[in-house]
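Asks: Can you keep this structure in mind? I'll have questions shortly.
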Amino acid sequence: LAGESRLQVAIADDGVGISTDEIDDLFSPFIRGRTDADGTGLGLHICQELAISMGGDIIYEPNTPKGSRFLLTVPLDITKASQADEAEENLLAGVSLEGRKILLAEDNPTLQLLTKNMLEKQGAVVTVASNGKLALASFKEGVYDLVISDIFMPEMDGYGLAKALRESKYLGPIIGLTAATIGDETEQMLEAGADRVLAKPISVEALKAALLELSA
């Protein structure tokens, strides 16, 4: 765009590349393509969601003469927000996470670290559990103002955790997290006891907006 500075980073390899029938689903969650390596199929999806949350994007293109090339583009200059955006920012600024005790249930180590750091930068006190069973044990040992839970976890998933928390008389907000963009995961999580379900990776703005709605 005219007058806007943008950062572009290209990452390329000279491997076997990606077949044309895999390109459409390349950034979809839980799609792993032709590989025998361990993984969940969330890496590219999460990277693209992070890029989009910063106003940018990641695209794939074939490398020359062979291999793959990913191009990350993010804006460096933040243009002046519209009056509507400014009004929303002012509302969200009134939602503070300072001093809130948050229980985070997430089995992905990378997302654990990213989400924990994000919340702690907002002044929250964060306890991390790698699955629903461990989260429930932490809940029984402490007092929490907010529970944030991934849906798909080993031992006990987000549905089981939300249901168990409500059966234990927890009245605070429960925010579910999912990388799935299709299916009935959101509805099932809400039926289990969650108040809202947000897309992974979670952002401060999305979390504050959800908490603002719940406090209205």
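The values are calculated or read from the model by the stated rules, or taken from the named source; none is laboratory data. As the structure is a computational prediction, the values presented were derived from the model and not from experiment. Cβ sites come from the backbone with ideal geometry, for glycine too, and all protein chains shown count toward neighbours. Remember, those area values only see protein heavy atoms, side chains included, never the ligands or the DNA or RNA. Shrake-Rupley method; radii C 1.70, N 1.55, O 1.52, S 1.80 Å.
Asks: Sort out for me the strands (runs of 3 or more DSSP E) sitting completely within the stretch 113-208 that have 1 or more residues that are touching a residue at least 60 places away in the same chain (Cβ under 8 Å). Outline the logic, then answer.
Replies: Numbers: elements: 125-129, 146-150, 174-178, 196-199.
Those strands (runs of 3 or more DSSP E) span 146-150, 174-178, 196-199.
Asks: Mind listing whichever residues of the stretch 128-154 are open to solvent by less than 20 Å² (accessible area, probe 1.4 Å), touching an Asp or Glu at 6+ places or on another chain (Cβ under 7 Å) and not hydrophobic (A, V, I, L, M, F, W, C)?
Replies: Those that are open to solvent by less than 20 Å² (accessible area, probe 1.4 Å), touching an Asp or Glu at 6+ places or on another chain (Cβ under 7 Å) and not hydrophobic (A, V, I, L, M, F, W, C): ASN131, GLY132, ASP150.
Asks: Here is a follow-up. I need a count of the residues in the stretch 85-136 that are farther than 14 Å from ILE175 by Cβ, among the β-branched types (Val, Ile, Thr) and under 16 Å from the mean Cα position of the chain (by Cα).
Replies: Adding up the residues that qualify gives 2.
Asks: Here is a further query. Got at least one residue in the stretch 42-52 being modelled with pLDDT under 85 and not in a helix (DSSP H, G or I)?
Replies: Yes; the residues of the stretch 42-52 include at least one that is modelled with pLDDT under 85 and not in a helix (DSSP H, G or I).
Asks: Continuing with this model, one more query. Going by the conditions given, is SER68 surrounded by 15 or more Cβ atoms within 10 Å (Cβ to Cβ), over 21 Å from the mean Cα position of the chain (by Cα) and modelled with pLDDT of 95 or more?
Replies: no
Asks: Name the residue that is modelled with the highest pLDDT, counting only residues in the stretch 182-215 that are open to solvent by less than 60 Å² (accessible area, probe 1.4 Å) and acidic (Asp, Glu).
Replies: In this case the residue turns out to be ASP195.
Asks: Yes or no: LEU134 closer than 19 Å to LEU212 by Cα, of a type outside the set (Asp, Glu) and out of contact with any Pro (no Cβ under 7 Å at 6 or more places or on another chain)?
Replies: No, not satisfied.
Asks: Please determine whether any residue of the stretch 78-91 is at pLDDT 80 or above, open to solvent by less than 70 Å² (accessible area, probe 1.4 Å) and not in a loop (DSSP other than H, G, I, E, B).
Replies: No: the stretch 78-91 contains no residue that is at pLDDT 80 or above, open to solvent by less than 70 Å² (accessible area, probe 1.4 Å) and not in a loop (DSSP other than H, G, I, E, B).
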